[in-house]
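I have placed the structure first, in the form of structure tokens, so that the comments after it can refer back to it.
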There are 4 protein chains.
Amino acid sequence: MKSTRFLMAILLTSQMATFAQQKETVGMSPWGSDDQIGALNLMSDVSRGKVLSQIISSKVYDLSVTYFVGMPSFDALGDPGYQYWLTHTPHGTVVDNPNGLGETMNHKVSYTGDAISMYTHMGTHIDALNHFGLDGKIWNGFTPEEHLGDKGWKKAGAETIPPIISRGVLIDVKASKGRLPKNYRITAHDLKDALRRQRTRLEPGDIVIIRTGQAQFYQDADHYLDNYPGISLDAVKWLVEDKGIMLLGSDNLSFEAFPPEKEDNWVPVHTYLLAERGVMFIEQMYLEELAQDMVYEFAFIAASLKLKGASGSPLRPLAIPINTK
Amino acid sequence: MKSTRFLMAILLTSQMATFAQQKETVGMSPWGSDDQIGALNLMSDVSRGKVLSQIISSKVYDLSVTYFVGMPSFDALGDPGYQYWLTHTPHGTVVDNPNGLGETMNHKVSYTGDAISMYTHMGTHIDALNHFGLDGKIWNGFTPEEHLGDKGWKKAGAETIPPIISRGVLIDVKASKGRLPKNYRITAHDLKDALRRQRTRLEPGDIVIIRTGQAQFYQDADHYLDNYPGISLDAVKWLVEDKGIMLLGSDNLSFEAFPPEKEDNWVPVHTYLLAERGVMFIEQMYLEELAQDMVYEFAFIAASLKLKGASGSPLRPLAIPINTK
Amino acid sequence: MKSTRFLMAILLTSQMATFAQQKETVGMSPWGSDDQIGALNLMSDVSRGKVLSQIISSKVYDLSVTYFVGMPSFDALGDPGYQYWLTHTPHGTVVDNPNGLGETMNHKVSYTGDAISMYTHMGTHIDALNHFGLDGKIWNGFTPEEHLGDKGWKKAGAETIPPIISRGVLIDVKASKGRLPKNYRITAHDLKDALRRQRTRLEPGDIVIIRTGQAQFYQDADHYLDNYPGISLDAVKWLVEDKGIMLLGSDNLSFEAFPPEKEDNWVPVHTYLLAERGVMFIEQMYLEELAQDMVYEFAFIAASLKLKGASGSPLRPLAIPINTK
Amino acid sequence: MKSTRFLMAILLTSQMATFAQQKETVGMSPWGSDDQIGALNLMSDVSRGKVLSQIISSKVYDLSVTYFVGMPSFDALGDPGYQYWLTHTPHGTVVDNPNGLGETMNHKVSYTGDAISMYTHMGTHIDALNHFGLDGKIWNGFTPEEHLGDKGWKKAGAETIPPIISRGVLIDVKASKGRLPKNYRITAHDLKDALRRQRTRLEPGDIVIIRTGQAQFYQDADHYLDNYPGISLDAVKWLVEDKGIMLLGSDNLSFEAFPPEKEDNWVPVHTYLLAERGVMFIEQMYLEELAQDMVYEFAFIAASLKLKGASGSPLRPLAIPINTK
């Protein structure tokens, strides 16, 4: 059964290969004209079943950061940071009597309620395929003229992202190369070195999580955001085209590093993955504990919020060690 | 090993029994003076390991509703509904040039970004133990005077809720009793009937999900919110005190029904579970598919967002069928 | 000097007359191809000077409602209602220590801060000319393709609305006709009757404020929003085309009444005024005190917030009685 | 009649003098135990009438900045910046059909709607007396225990601030002293120098607007916020205690400068004015045009939004030159 999945991965890879030499342009999905999730189609009952059966541990690694007022945020283009506020408090309810039930009731029943607001690309989150397109189209050729309303995209919105259960692999570049220089771009060579050091092998359909080490600065937003290292175009091309991976992730703000490595594209890794290849990725993960325990292969389980039409969603991925021997 | 877990459940149950006759008052945790998650302490590597090893299917049931503008919301006390807005669009980026890179760049790189705001108790979400207290205290005696700042609680906030992996049981009351009358309160008797019909047995530490059938109206907020049925105090007392369950869930707005069944407490089921017993629960679940396939026992996997200090958090729980024979 | 102003009004009126028989279409401004404020161009140093010199009273009438959580709101199409929340409180600052200055400092300096969010068309507010257009254009032919970015319109945004100081006239239809039936549309005839009863005469360039009486229900949102009376197309055409008024206002939610009086336009009064004629209007005013004191002519002074690109803005208009003899 | 007003000012001044030597503590209002507006009580029909009768010009100076995404903001303590977003656009309405009226209707009626959110102390705004207190009380002794609910203060909220019409005086310190050094604190001496240079005299009940020159950097938030000059405690004490002014204003972020001039109070000018003396002030004004035209005395007209319970409100003040000879 694995062969079917493998073939699909190859199909994706070769289909991609044919336009690799061409100019940057949105990919048309091998999974049909209505496909909205791209490479996540590689996930199947078989792949899920396999990884779940390999679980050898009941230790669960939490790969998400915490959301708090003042947390790191991409706000250079005016997007709102994370806000949290109380809508009801035990004391305030007594003063306000919002339910009209009076002081005795509101003294007895101590109510706390709250609300949040945020840019959808904050904290540990997944980018949907509509987040970046090329020349006015997104993955699979969907256009804003036809599919973008005031409440987001009718296609490829976060609500279309399925629950994700698959084999995950950590590539610990921080451990392999030591502290990365500012703005460093991790290459395919770096990934191969780290994999060799870890004695880990990639398989088609894998979820590949790359550790830069940046998550250790998460509580200090200025530090976390300051010239962080990222992943190069060369590295992701190797992962997608040679290795057929299904999903990517990392622990820095924006997966790729800035300034961009191409002059005519300010987010070439984003558009390559999302628009050209239909490959989503998870940003701002917390990987420190996984790295410390040298857990490189695991069942990766994550379920993003079904935010209709949205270009991304927060999620809290879990990793549970597996035996792949 | 199961015995340890069972003992903890009994301990919890008996400790609770001692104050069952007393007036409503916050429970002090058997897990220590700093405990912030109550009954979720029943979860352990052993319990996780057991349920993961029982997985027999690779079909994944998605138990979450979708978030959209106009979705149902408890707004009677002024809380903000779900809002979604675009912060960047392919066309708008060309007109605004927010990155200063000019028209050619912004025509080529088609950027979509968005933001959300919401009451934390919207869609499929879990209530943290600080959501409702009694007489100015929450579970385990924490007070707002000491622990409630402007950015939420220093204790029992949503960030303290661990990833949840345990055995889940669906009790399909809708299937057992047929369509429930408006404002109907499901009794312990109803639950027992449904369990008998399903031939399902509860075990200490279980996650119990009760289907009222209300989720089928979710797309029509007025219908969903209109005099929905809920769970009675009698039913939850049986589940918690006699059965030692760890976590609850249902498919209606607020788990319990309105008007409240006690005169001096407008949310007696909330305060009983959260403040007296330290038992959290998940509201507004989507249970229709699970019910249709008559899946009554499953690995329940869910990970709420770590919203610091918050009284609740959205989450997208998954169910994977298990073999318990 | 008044003659110049009068001529401009006539010019506007006659220019309008030429397209009165035609299909609904956006007007091109007689004030030039970059005009963004339409009829407010009728205001001048002369008109301001005249009305200021006529002030006979120092009593100031406040024509604005109060903003509060739960206030009336047009939310049928998903727009956010008014939200208010505390960001800092004296107690919360002590618990959180957000400034890092410690408990003694935060006990001494008792800080309260807060934030708001709202649809721009809430409470007493003015509609900018970009709020409604026809066939994809707004007043003066500006198009979204060229002028609408992600942060609003580059043309006719609320920041272009000048401070408004001019002669204001109250037409108290409620006093003249008694309580208006639900959904009633005030006609030109009703306005003439009321003016006759008041012995008030309109002049070109006037600001005309029409009282329906709805403001007395403002504290009860359900009542205020329930099938309120409004102003008919016939009435505003008379005011604009025959009387050359400069700005309109009323005390109900949306100036016009629903259901709309045309089958092929759900807001014909909005598009007539904003898109065809370049005439703004103020909604949800508080007129009860003015009416009670039978103040029909006044200096009208109002300054909306300069919200860049916005389709409207809250404002708190003032009325000061004048002697026009 | 002016004498009455003068007497009130003296009364206020002398009453204040009695506790000037004491420790910082909230003032009890000479206007009664329910007073919530402090020195604004000095405004009367007489004072309004006088200044309105002195108007000699019909030129209106707009003293407000524009609100835009990215505008300067005090966000050091986590408060939300200004956000603006579109809720309806002509194109989006066609794609979404939110009103259910179909494509033809939504093509014809081109709808633009939008929403905002912001900290209440952004742009040109007035601080309400509840914004800062001392030792857990605000002006006139109101306490959060009794008067602060979840929707703000029951006392001294922005909705209590009356429309403001009074004589305004510009003190152009920038013109008098030249460009002020970073973090410079304007002294009473500086004010006297500038007044002498301008040949302007203060009168009790005046609104005093102090120009630092900072407004010229408003479009560049980083520059505007960077170590701006402000007003010293010495200067405001002279204005309040010796001159009996009613309201203050300036063109910088926070009126006073940082770091604070007292060790045990991080906002001594705020607490002196708001909590000790009941004197409000307006921040982030735009004074460049007024200064350029050397307009030093004017009718000052401003009306803040009636935000219930809020600690401040945006407003757009106007200045109209008067003849005081």
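The values are calculated or read from the model by the stated rules, or taken from the named source; none is laboratory data. Computed from a predicted structure; not experimentally measured. We place every Cβ from the backbone using ideal geometry, glycine too, and count neighbours over all the protein chains shown. Just so you know, the surface numbers come from the protein's heavy atoms only, side chains and all, with ligands and any DNA or RNA stripped out. Shrake-Rupley method; radii C 1.70, N 1.55, O 1.52, S 1.80 Å.
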Point to revise | Condition check for A:ASP193: under 18 Å from A:PRO317 (Cβ atoms) and modelled with pLDDT of 95 or more | key: no
Check your understanding: Does B:SER176 satisfy the condition of being within 14 Å of chain C (Cβ to nearest Cβ), more than 14 Å from the chain's Cα centre (by Cα) and without any contact (Cβ under 8 Å) to a residue 60 or more places away in the chain?
Key -> no
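Take the conditions among the acidic types (Asp, Glu) and away from every other protein chain (no Cβ under 14 Å) and apply them to A:ASP251. Does it pass?
So A:ASP251 passes the test.
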Check your understanding: Out of all the residues in region B:76-91, which are among the aliphatic types (A, V, I, L, M), surrounded by fewer than 23 Cβ atoms within 10 Å (Cβ to Cβ) and at the interface with chain D (Cβ under 9 Å from one of its Cβ atoms)?
Key -> none
Review point. Of the residues that sit in region C:121-147 and are more than 10 Å from chain B (Cβ to nearest Cβ) and of a type in the set (Asp, Glu), which one is most open to solvent (accessible area, probe 1.4 Å)?
Key: C:ASP135
Point to revise | Unmet requirement for A:LYS306, which otherwise passes all of (1) open to solvent by 20 Å² or more (accessible area, probe 1.4 Å); (2) more than 16 Å from the chain's Cα centre (by Cα) | key: (2)
Point to revise | Check on A:VAL69, in contact with a Lys or Arg (Cβ under 7 Å, 6 or more places away or on another chain) and in contact (Cβ under 8 Å) with a residue 40 or more places away in the chain | key: no
Point to revise | Hits in region C:236-257 - residues which are hydrophobic (A, V, I, L, M, F, W, C) and either touching a Leu at 6+ places or on another chain (Cβ under 8 Å) or surrounded by fewer than 23 Cβ atoms within 10 Å (Cβ to Cβ) (or both) | key: C:VAL236, C:TRP238, C:LEU239, C:VAL240, C:ILE245, C:MET246, C:LEU247, C:LEU248, C:LEU253, C:PHE255
**Study point:** Segments classed as strands (runs of 3 or more DSSP E), wholly inside region D:273-318, with at least 3 members that are more than 9 Å from chain C (Cβ to nearest Cβ)
**Key:** D:281-283, D:297-302
Review point. Could you list, in sequence order, the residues of region D:196-211 that are over 17 Å from D:MET246 (Cβ atoms) and crowded, with 19+ Cβ neighbours inside 10 Å?
Key: D:ARG211
Practice item. Could you tell me whether any residue of region D:113-120 is within 11 Å of chain A (Cβ to nearest Cβ), free of Cβ contacts under 8 Å to residues at least 24 places away in the same chain and touching a strand residue (DSSP E or B) at 6+ places or on another chain (Cβ under 7 Å)? Key: no
Review point. On the given criteria, is D:THR104 touching a Phe, Trp or Tyr at 6+ places or on another chain (Cβ under 7 Å) and either open to solvent by 10 Å² or more (accessible area, probe 1.4 Å) or within 25 Å of B:VAL69 (Cβ to Cβ) (or both)?
Key: no
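Within the group B:SER254, B:SER166, which residue is farther than 20 Å from B:HIS270 by Cα and modelled with pLDDT of 95 or more?
After applying the criteria, what remains is B:SER166.
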Point to revise | Qualifying positions in region C:40-64 - more than 7 Å from chain D (Cβ to nearest Cβ), assigned to a loop (DSSP other than H, G, I, E, B) and either under 19 Å from the mean Cα position of the chain (by Cα) or of a type in the set (D, E, K, R) (or both) | key: C:MET43, C:LEU63
Practice item. Output the residues belonging to region D:28-75 that are of a type in the set (Val, Ile, Thr) and surrounded by fewer than 22 Cβ atoms within 10 Å (Cβ to Cβ). Key: D:ILE37, D:VAL46, D:ILE55, D:ILE56, D:THR66
Exercise for review: Confirm whether B:PHE298 is surrounded by 24 or more Cβ atoms within 10 Å (Cβ to Cβ), touching a residue at least 12 places away in the same chain (Cβ under 8 Å), over 16 Å from B:ILE161 (Cα atoms) and more than 15 Å from the chain's Cα centre (by Cα).
Suggested key: yes
Exercise for review: For D:GLY70, state whether it is more than 19 Å from the chain's Cα centre (by Cα) and under 22 Å from C:VAL269 (Cα atoms).
Suggested key: no
Review point. Considering only region D:57-67, how many residues are in contact with a strand residue (DSSP E or B) (Cβ under 6 Å, 6 or more places away or on another chain) and under 17 Å from C:ASP45 (Cα atoms)?
Key: 3
Check your understanding: Somewhere in region C:148-164, is a residue in contact (Cβ under 8 Å) with a residue 24 or more places away in the chain, buried (at least 24 other Cβ atoms within 10 Å of the Cβ), farther than 26 Å from C:LEU42 by Cα and more than 13 Å from chain B (Cβ to nearest Cβ)?
Key -> no
Check your understanding: If we scan region B:178-201, do we find a residue that is part of a strand (DSSP E or B) and over 30 Å from A:PHE68 (Cα atoms)?
Key -> yes
